[in-house]
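Since the structure comes first, as structure tokens, the remarks are kept for the end.
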Amino acid sequence: MSDTLAALLAERFGAACPHFSTADAPETWQHIAGRGSCRHFTEQEVPGELIELLCALAFCSPSKSDLQQRDIIMVEDEGLRLELNRILTSGPLAQAWIENAPHLLVFCGNNRRQRQLHDWRGKPFVNDHLDAFFNPAVDAGIALAGFMQAAEAIGLGCCPISAIRNDAGTVSDLLGLPDHVFPVAGLALGWPKFPPRVTMRLPLSTTLHKDRFDDSTVRGDIEAYDEERTQHRPITAQRDIDTFGEAERYGWSEDKARQYAKPEREQFGAFVRNKGFTLD
């Protein structure tokens, strides 16, 4: 167990994690270290009762100040799923694999319920600012992580879908989301056709800080990461060659820079404001 965990962490970060013995590590750590997103599923369906149980486990996760500002929508109606598939698998940000996922869930931030409490209890809602949006968004993200960990622990495959926000207004209408409720992420769920692949992460020297933020070595760290990740799992297709040309060396940083050199979800801020949020 300890050798496997150490090997997975070394594969993930390009070097052994320092200053800690994995000899007595729990099995859960190995699952976390070896997890990967799943985009290829078998045709076997997941029982609805099991999905509901996983949702319950997700809601066991922490919530800011016990406000519980997160909801999950299980998409079961065939017509609704087809409409969501159409949105997610068309356009410049299309992801064709999504329509083959056996199940789709949508994780939502919900600040509506808190406002209802104020109406019912006759209390003023005085925190109508950015935090009213930020807290439920984080709550939904925590629940998403909890769901994935529970699902993957029994062998299911998952992949979060940020593209659910590409056309947030249409998605919101399809799901019947009222004011102050908004989609944070979709989640594809099913039994994996292939074992997950470990994707390298940035080295801890880049992302782990002690006492104060320090990115004095970040450029060199990322250039080294680009090289090692390319050796480990090269990117097979370069983005937008017509605009940026074909790079002789194409690593993670070039790929991410090209990805965000094109507009994505530029209407999301307007959508959130139309949902009634004040983002001051």
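Take the chain, connect every pair of alpha-carbon atoms lying under 10 Å apart with a spring to form a Gaussian network, then pick out the residue of Cys17, Cys38, Cys158 with the largest mean-square fluctuation.
Of the options given, Cys17 has the highest mean-square fluctuation.
What's log10 of I(q)/I(0) for the range 21-134 at q = 0.11, 0.13, 0.19, 0.20 Å⁻¹, Debye sum over Cα points only, no solvent?
-0.62, -0.81, -1.16, -1.20
Compute the distance from the alpha-carbon center of the range 146-186 to that of the range 189-209, in whole Å.
So the two Cα centres are separated by 20 Å.
Stretch Val218-Ala237 to full length: gain in nm at 0.36 nm per residue minus the Cα-Cα span? Intermediate results must be reported in sequence, preceding the final value.
Numbers: separation 19, 0.36 × 19 = 6.84 nm, distance 2.54 nm.
Working it through step by step, the gained length comes to 4.3 nm.
What does the charge dipole of the range 7-116 about its Cα centre add up to, to the nearest 20 debye, if the Cβ of each Lys and Arg holds +1 and the Cβ of each Asp and Glu holds -1? Please list the in-between numbers first.
Numbers: 10 positive and 14 negative charges, 133 e Å.
The dipole of the range 7-116 has a size of about 640 debye.
Any chance you could give the angle, 0 to 90 degrees and rounded to 10, that helix 48-58 forms with the longest Cα principal axis of the chain?
So the helix axis and the longest Cα principal axis differ by about 80 degrees.
Where nothing but the Cβ of Lys and Arg (+1) and of Asp and Glu (-1) is charged, how large is the charge dipole of the chain around its Cα centre, in debye to the nearest 20?
Working: 29 positive and 40 negative charges, 91 e Å.
With only Lys, Arg, Asp and Glu charged at Cβ, the dipole is about 440 debye.
Which whole-number percent gives the relative contact order of the chain, counting Cα pairs below 8 Å spaced six or more residues apart? Kindly include the intermediate steps, with their values, before the conclusion.
Working: 395 pairs, mean separation 67.6, N = 280.
Rounded, it is 24 percent for the chain.
Rg and Dmax in Å for the chain, alpha carbons only: what are they?
Cα only, the chain: 20.7, 64 Å (Rg, Dmax).
Once label points are set 7 Å from the Cα along Cα→Cβ at both Glu264 and Leu93, what is their separation, rounded to one decimal in nm?
Those two pseudo-labels are separated by 0.7 nm.
When the helices in the chain are scored as -39500 (n - 2.57) per DSSP H run of 4 or longer and the sum is shared across all residues, what 222 nm value do you end up with, to the nearest 500 deg cm²/dmol? All intermediate terms of the calculation are to be shown ahead of the outcome.
On the way: 12 runs with 121 residues, N = 280.
Here the helix-only value at 222 nm equals -12500 deg cm²/dmol.
Of the options Gly169, Phe125, Ala188, report the single residue whose Cα projects farthest towards the positive end of the charge dipole of the chain (beta-carbon charges: Lys, Arg +1; Asp, Glu -1).
The one lying farthest along the dipole's positive direction is Phe125.
Grab the eigenvalues of the alpha-carbon gyration tensor for the range 133-179, scale each by 5, take roots, and send me the semi-axes largest first in whole angstrom. Let's see the in-between values first.
On the way: eigenvalues 114, 40, 16 Å².
Ellipsoid half-lengths, sorted descending, are 24, 14, 9 Å.
Cut-off 10 angstrom, C-alpha nodes, Gaussian network model of the chain. Which of Arg212, Arg265, Arg12 fluctuates the most?
Answer for the Gaussian network model of the chain: Arg212.
In nanometres, what is the gap between the two model label sites at Arg201 and Ser253, each 7 Å from Cα along Cα-to-Cβ?
2.0 nm
None of the figures in this text is laboratory data; all of them are computed from the coordinates on show. Everything numeric here is computed off the predicted structure, so don't read it as measured data. Using ideal geometry, Cβ is built from the backbone for each residue, glycine included, and neighbour counts are taken over all protein chains shown.
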